[in-house]
Amino acid sequence: MIFLWGSLLVALVVASFVIPIVRRSTGLVSHSDSAQAMLRDQLVEIDRDMARGLISSQDGRAAAVEIKRRIIAVDSNHKSIPSAIVTGGWAVVLAGILVPISAIALYISIGSPATPSVKFSERKQERADITQRNDLTQRLRTQLEADENGGPTEGWLLLADAFMRMGQYTDAADAYSRVLERDDATASEFTRFAEALILRDNGQVTPLAERALDRSLLLSPDNPAGIYYKSFALEQAGQVDAAYALLVARLDTSSGPNPWMESFVAQANFYGAKLGKPPVSLSDYAPALRGPTQEDIAGAAELSTEDRNAFIASMVAQLAARLEQEPDDLDGWLQLARAYVVLGDDAGAAAAYQQAAPLVVDLPDGDPRRDLVQQNLAAGQ
């Protein structure tokens, strides 16, 4: 229904521009006709002035002769010229048609026409929650800034994390910087400060952010977040091979499955594609998380049907059982979803992606896990 009304409004707007222009531009304005009309008006004025005695009869006749001579001259040398409306009219018509068409095409391609609307009145609680959150955040900031001792580290970190969730990355970076001035600043805090700067600058690693990353890696050379963002700096400096090697080297030294490994694999493959390298797989570094593959299923082919089904189900059950104890493990849910896909259990995969959906809400837009969950949920609708 909304598309119908939208189309009708667009048509009315276009018609309001086009119809008057087309009507006025159908004919040509003759220079001869317009000039002769003015000269004839002058003849009438001369007759009127002679009747009122404003000019003599002799002067009036002389003026009339001159005007008639000019009328004859104009008539013999007339030219037809297009009006000013014609010269620019069709440009306006074209713009009136193309602009709404382009706007509609752009909205269909990048907009969300299928997103259900929400009544303004029904968002009252949402607006109240946002107002309360902003108020509490500002109160905490005021309290920390007023503290003569500089405010506790935990308070500044809480404030910085709140600003990160709100997307206020400049404020978040400022809050993290208060902690970095202290002697007990940790590698994690330097990395989080760098992350806030990187998000603020749309993925660009500034010199300040890179210095924070270097400090983080000096304090903890193996910390995944520092290595991950350091690869961004290397890639932006044109050292794609170094960025790739940095990620793969950390994957190689991993002692077991970890939540950060999937992001490392996705980013390493992004760099690897530029270098012409074959893609790496999470199962190369975390086989315990991969769930049953086609090879696992083929290896159980010699078992009886009952034993084979039990074997496959046990592998998936182990992962599912662990996730019941660790429901916030985003990467674990993604692994379980892939396992169900291998088994052909679409319902199980959809349920796993549903469990993962709340965990990707606060991830940055460029995080591949967020895209993976959203794409699979959309495909299952």
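The values are calculated or read from the model by the stated rules, or taken from the named source; none is laboratory data. None of these values were measured; they are calculated from a predicted model. Note that each Cβ is placed from the backbone with ideal geometry, even for glycine, and that neighbours are counted across all protein chains shown.
How many residues does the stretch 163-221 contain that are part of a helix (DSSP H, G or I), of a type in the set (Asp, Glu) and farther than 26 Å from residue 142 by Cβ?
2
In this structure, does residue 262 turn out to be modelled with pLDDT under 90 and in the same structural domain as residue 327 (by TED's automatic domain parsing)?
Here the answer is no, as residue 262 does not meet what is asked.
Is it fair to say residue 214 is free of Cβ contacts under 8 Å to residues at least 60 places away in the same chain, within 30 Å of residue 127 (Cα to Cα) and out of contact with any Phe, Trp or Tyr (no Cβ under 8 Å at 6 or more places or on another chain)?
Taking the combined requirement at face value, the residue does not satisfy it.
Could you tell me whether the stretch 142-153 includes any residue that is touching a residue at least 60 places away in the same chain (Cβ under 8 Å) and either under 23 Å from residue 231 (Cα atoms) or in a helix (DSSP H, G or I) (or both)?
Looking for residues that are touching a residue at least 60 places away in the same chain (Cβ under 8 Å) and either under 23 Å from residue 231 (Cα atoms) or in a helix (DSSP H, G or I) (or both), one finds none in the stretch 142-153, hence no.
So residue 148 clears everything in (1) farther than 22 Å from residue 197 by Cβ; (2) at pLDDT 75 or above; (3) within 29 Å of the chain's Cα centre (by Cα) except one condition, right? Which one?
Condition (3) is where residue 148 drops out.
Residues being surrounded by fewer than 20 Cβ atoms within 10 Å (Cβ to Cβ) and either small (Gly, Ala, Ser) or closer than 26 Å to residue 333 by Cβ (or both): count how many of those fall in the stretch 233-247.
Total satisfying the criteria: 4.
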